[in-house]
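> My questions all concern the structure below.
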Amino acid sequence: MSNDNKHGGSRLDRRHLLQAGLAAAFAAPLGALGAQAFAPRAVAPGIDLSEFPLCQTASDAPALTGAPRKLKLSWNAGAVCLAPLPVAIEHGFFQKQNLDVELVNYSGSTDQLLEAIATGKSDAGLGMALRWLKPLEQGFDVKIAAGTHGGCMRVLSRADSGVSKLADLKGKIVAVGDLAGPDKNFFSIQLAKLGIDPNKDVDWRAYPGNLLDVAVQKGEVQAFLSSDPLAYLWLKDAQYKEVASNLDGDYRDKSCCIVGLRGSLVREEPQVARALTQALLDAAMFTSQNPAVAAKSFQPYAPKAASLADIEGMVRYHTHHHHPTGEVLKRELKAYADDLKSVQVFKQSTDTAKFAERIYVDVFAV
């Protein structure tokens, strides 16, 4: 990403960001599950949905008949990388598949989310592979049907710091929002590939996610990990720089977020599982092709400090055109599992090929 893209637009005072309620954008709702109120539109005028679906196998499938199939789909409403979800509702992608989808904002732990999907409290969910795979190693009845995009996580530091590349984190103190979070897992994997032991050579410190920049301002840490929209907004301040992201190197062509389906839904209603996955992939591709439209759909869920142009910039940065299924997805899941073994997150006894085979499903093969 160019400096223009990373730091474009007017500068935003750090204190203004905090006062503007960034923390509120990520605050947990009163309950673990909170229904999101959407008013589904008819298919938006000027949008030719004949360009979707993306998959020839899916396009040959008969449409679901009868009354629209009601489903619950769990998401994190503050995650801008999930912009395709409000797009799917607002622009008719679920409707096209004869689905009536209720988005449910989920704030509990990943284990609780996967249990909710496995037990039917929710029918599907979206989340980050490097957060989901460890709990899935324990055997939840959730099947991964697709990747949705790449590009959620970044390493930031002060512009005048001596940290300019990932290897510079050796011997440093690094702030993270979650010591078991996907960003820590991802960058630990990258450090290990550079010959740096992430468990011994880096001192990871946990801070509230919306105060990570305060830790670096005070000199308590030399760098911090963050995800969009917070990371993107902090980068608008010229005193910060991006050191690394999960779109560097080979990972530019890998997905970081995934679609998980209730196992019983896949087994008992495979056509519904396929229709839901297809709608999500179509909405993702539409988002990639129409970032300004997608940004407007997501705007009600974005931090108040984020302008429409900011949201569009984030949508453009995330790789919504990349959403693997089938064998490609299975290879990505195995590769991530191998990576997690390399940093002692996965058990060394885990057969990653069998693990990937167990947790993925090719909904377009039914």
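Here, each number is a calculation from the coordinates, and none is a lab measurement. These figures come from a predicted structure and were not determined experimentally. Please note: Cβ atoms are built from the backbone with ideal geometry, for glycine as well, and neighbour counts cover all protein chains shown.
> Using only the alpha carbons, work out the radius of gyration and Dmax of region 275-342 in angstrom.
15.2, 41
> Report the Cα-based extents of region 249-366 along its three principal axes, largest first, to the nearest Å.
Largest to smallest, the principal-axis extents are 47, 37, 22 Å.
> Let me ask something else. If you filter region 180-242 for trypsin sites (Lys or Arg not before Pro), then keep DSSP loop positions with at most 11 other Cβ within 10 Å, what is left?
LYS200, LYS218
> If you don't mind, another one. Under 18 Å from a point placed 7 Å out from the Cα of ASP338 along the Cα-to-Cβ direction: which residues of region 225-250 have their backbone N that close?
Under cut-off, by backbone N: 249-250.
> Share of Cα-Cα pairs in region 84-158 beyond 22 Å, in percent?
Tail of P(r) above 22 Å: 34 percent of Cα pairs.
> Place a point 7 Å from Cα of LYS170 in the direction of its Cβ. Which residues in region 218-247 have their backbone N less than 18 Å from it?
222-223, 244
> May I pose another question? Would you please report the Å³ per residue occupied by the convex hull of the alpha carbon atoms in region 122-183?
It is 134 Å³ per residue.
> If you don't mind, there's one more thing I want to ask. Which whole-number percent gives the relative contact order of region 101-209, counting Cα pairs below 8 Å spaced six or more residues apart?
Normalised by residue count, the contact order of region 101-209 is 25 percent.
> Starting from the Cα of ASP178, step 7 Å toward the Cβ, then list every residue of region 258-301 with an amide N under 17 Å from that point.
258-260
> Here is a follow-up. Which whole-number percentage describes the relative contact order of region 219-333, with Cα contacts under 8 Å and a sequence gap of 6 or more?
30 percent
> Simple spin-label model, 7 Å along Cα-to-Cβ: THR350 to GLN239 in nm?
Once both label points are built, they end up 4.0 nm from each other.
> Eight or more residues apart or on different chains, and alpha-carbon atoms under 30 Å: count the Lys pairs in region 215-366 matching that.
Summing the qualifying lysine pairs gives 22.
> Could you give me D for region 166-224, from Stokes-Einstein at 20 °C and 1.002 mPa s, where the hydrodynamic radius is the Kirkwood radius over C-alpha pairs? Units µm² s⁻¹, please.
After rounding, the answer is 189 µm²/s.
> Residue by residue through region 273-290, which ³J(HN,Hα) values in whole Hz follow from phi under the Karplus form 6.51 cos²θ - 1.76 cosθ + 1.60 (θ = phi - 60°), with glycine and proline marked x?
Result, rounded to whole Hz: 4, 5, 4, 5, 4, 4, 4, 5, 5, 4, 5, 5, 5, 4, 4, 4, 7, 9.
> How big is the convex hull of the Cα atoms of region 253-298, per residue, in Å³?
100 Å³
> Could you give the length gained by full extension between ASP253 and ASP201, i.e. 0.36 nm per residue of separation minus their alpha carbon distance, to one decimal place?
Net length gain for the segment: 15.9 nm.
> Right, something else. Over all pairs of distinct alpha carbons, what does the Kirkwood formula give as the hydrodynamic radius of region 173-325, in Å?
Kirkwood hydrodynamic radius for region 173-325: 17.8 Å.
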